[in-house]
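Student: Okay, handing you the structure first.
The values are calculated or read from the model by the stated rules, or taken from the named source; none is laboratory data. Everything numeric in this text was worked out from a predicted model, so none of it was measured. Note that each Cβ is placed from the backbone with ideal geometry, even for glycine, and that neighbours are counted across all protein chains shown.
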Amino acid sequence: MVNPAEGIRSERGTAADRRPTVLVFDVNETLSDMAPLADRFAEIDADPGLARTWFASLLRDGFALAVSDVNPSFGALAGEQLQVLLGSLDLNRDLDDAVADVLGGFAELRCHPDVAVGIHALSALGCAW
């Protein structure tokens, strides 16, 4: 039987021995709340539900390009995806302005409420990012 005070033991040592020292986070959706981007779509007279479709397509294409050793900037790819998605819609402004307005929403995104607490807890465990 394992003494809980000693930590969980395995062939690779205690849980503390296996604790990661570096963490990598996916920022968009994981740390930041992407929901406000739907409001940006509504502001240009596009269906707010398109925000999720657009972002899913952006991730899909970004991953596909990355494994193909093609790495455009996030902003460039996001803008191209929006141009295609919004190009056939009847918007309340010029397409380039609509794309800029939606992309501008990224600068205003906030973290999910539990992110700061989680980051501090991980830091207290000795993890870095």
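Student: Quick one: would you say T53 is surrounded by 11 or more Cβ atoms within 10 Å (Cβ to Cβ) and either among the basic types (K, R) or without any contact (Cβ under 8 Å) to a residue 24 or more places away in the chain (or both)?
Tutor: Details: surrounded by 11 or more Cβ atoms within 10 Å (Cβ to Cβ): yes; either among the basic types (K, R) or without any contact (Cβ under 8 Å) to a residue 24 or more places away in the chain (or both): no.
Spelling it out, it is not the case that T53 is surrounded by 11 or more Cβ atoms within 10 Å (Cβ to Cβ) and either among the basic types (K, R) or without any contact (Cβ under 8 Å) to a residue 24 or more places away in the chain (or both).
Student: Let me ask something additional. Pick out the one residue from L37, L82 that is over 13 Å from the mean Cα position of the chain (by Cα), modelled with pLDDT of 95 or more, part of a helix (DSSP H, G or I) and surrounded by 15 or more Cβ atoms within 10 Å (Cβ to Cβ). Don't jump to the end; show me each part of the working.
Tutor: Working: L37 fails: over 13 Å from the mean Cα position of the chain (by Cα).
Result: L82 is the single residue among L37, L82 that is over 13 Å from the mean Cα position of the chain (by Cα), modelled with pLDDT of 95 or more, part of a helix (DSSP H, G or I) and surrounded by 15 or more Cβ atoms within 10 Å (Cβ to Cβ).
Student: Scan the stretch 75-96 for residues that are touching a residue at least 40 places away in the same chain (Cβ under 8 Å) and in contact with a Leu (Cβ under 9 Å, 6 or more places away or on another chain) and jot them down.
Tutor: Correct list: L86, L89.
Student: Considering the stretch 58-78 alone, what residues qualify as being within 24 Å of C111 (Cβ to Cβ) and either small (G, A, S) or touching a helix residue (DSSP H, G or I) at 6+ places or on another chain (Cβ under 8 Å) (or both)?
Tutor: L58, G62, S73, F74, G75, L77, A78
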